[in-house]
Amino acid sequence: MQYRDYYEILGVPRDATQEQIKKAYRKLAKAYHPDANPGNKEYEEKFKLINEAYEVLGNPENRKKYDQLGSRFNFANGFDFDPSQFGFGNTRYEFRTSNGSGFSDFFNLFFGPGGLNIDELFGGLGMDGFGGNSAGFRTFRSGARSTSMKGEDREVEITIPIIDGLKGAERRIAVETPNGRKTLAVKIPKGIQPGGKIRLQGLGGKGTGGGPNGDLYLVVRFSEDGMKLSGHDIIMDLPVLPWIAALGGEQTVDTPDGRILVRVPEGIQSGGKIRIPGKGYHTPAGGRGDLYLKVRLVNPPTLTPRQRRLYEQLRDEF
């Protein structure tokens, strides 16, 4: 397993402010984004590392834990190490090599669901008796192993409208907890990404031997209720009458950001798209994709006698 120096990856000092970290992340994410570098596997891997680093340093709670880990040891970025050689083998935990995030084993071990709890780890270790080993790193003696164990973390998928993720919302969701089924008011964070997780602390599996309960993670999926996501772009249907599609014209459209007036180009076909820049879904870098209005030709439900004659004339012309 390789140690990750997230400060080095983002190119910021260890005393950087959260705003400096965010600024560095946005700059790097823009430079290495796969959409700007299609087919470049090296940039794609770098982009994943940048997102992993920001997932830790951009979250003050995760950053605090990461700094606590860094203050105990003197690992170098990319250093291969076996956690058990540095005392972690004396603490009970279950480690999975992947949690579906695409992040490294190092991230999953210390910050992923089911990984080590750094606060509990250092709280239960005796830090006296430091000494040097052959690799030049400090080791320590741990205290007695606790027989208590944290409960298992669980994941449950939930499906929400895209508008809830775009704007943020509060939903009442029924979940199974260690104390039975409960209906909870859950806040949907504004800009949560597809597959993103909402953590409900202590609502996972029941702990044993006095250990804490695990956490419940709600994995977010989006429904396609009149709109759908394509990357960070939103695609909406735009019903258009035949004569407007043929001749062009203006049409009022209700979008997630409110009502707008759209110019329908002359001769547009069914399936054609009208682009509204910057009105799509949130990106991890803090921007937004585009909104695409996909034209769907519709006929009037009823015709007056005059309208019917006009349609018949058009038919005869073709």
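The values are calculated or read from the model by the stated rules, or taken from the named source; none is laboratory data. Being a predicted model, the structure only gives us computed values, none of them experimental. Every residue, glycine as well, gets a Cβ built from its backbone with ideal geometry; the counts of neighbours run over all protein chains shown.
Just give me the residues in the range 183-215 being part of a strand (DSSP E or B) and touching a residue at least 12 places away in the same chain (Cβ under 8 Å), in sequence order. Listed by number, the residues that qualify are Leu184, Ala185, Val186, Lys187, Ile188, Lys197, Ile198, Arg199, Leu200, Thr208. Look through the range 284-310, keep the residues that are aliphatic (A, V, I, L, M) and in contact with a Pro (Cβ under 8 Å, 6 or more places away or on another chain), and return whichever of them is farthest from Gly58 (Cα to Cα). Of everything passing the filter in the range 284-310, Val298 is farthest from Gly58 (Cα to Cα).
Residue-wise test of (1) at pLDDT below 90; (2) exposed (fewer than 14 other Cβ atoms within 10 Å of the Cβ).
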residue	(1), (2)
Ile9	no, no
Ile21	no, no
Ala24	no, no
Ala36	yes, yes
Tyr43	yes, no
Leu49	no, no
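Inspection of the range 162-171 identifies no residue that is part of a strand (DSSP E or B), outside the structural domain of Ala285 (by TED's automatic domain parsing), in contact (Cβ under 8 Å) with a residue 60 or more places away in the chain and of a type in the set (Asp, Glu).
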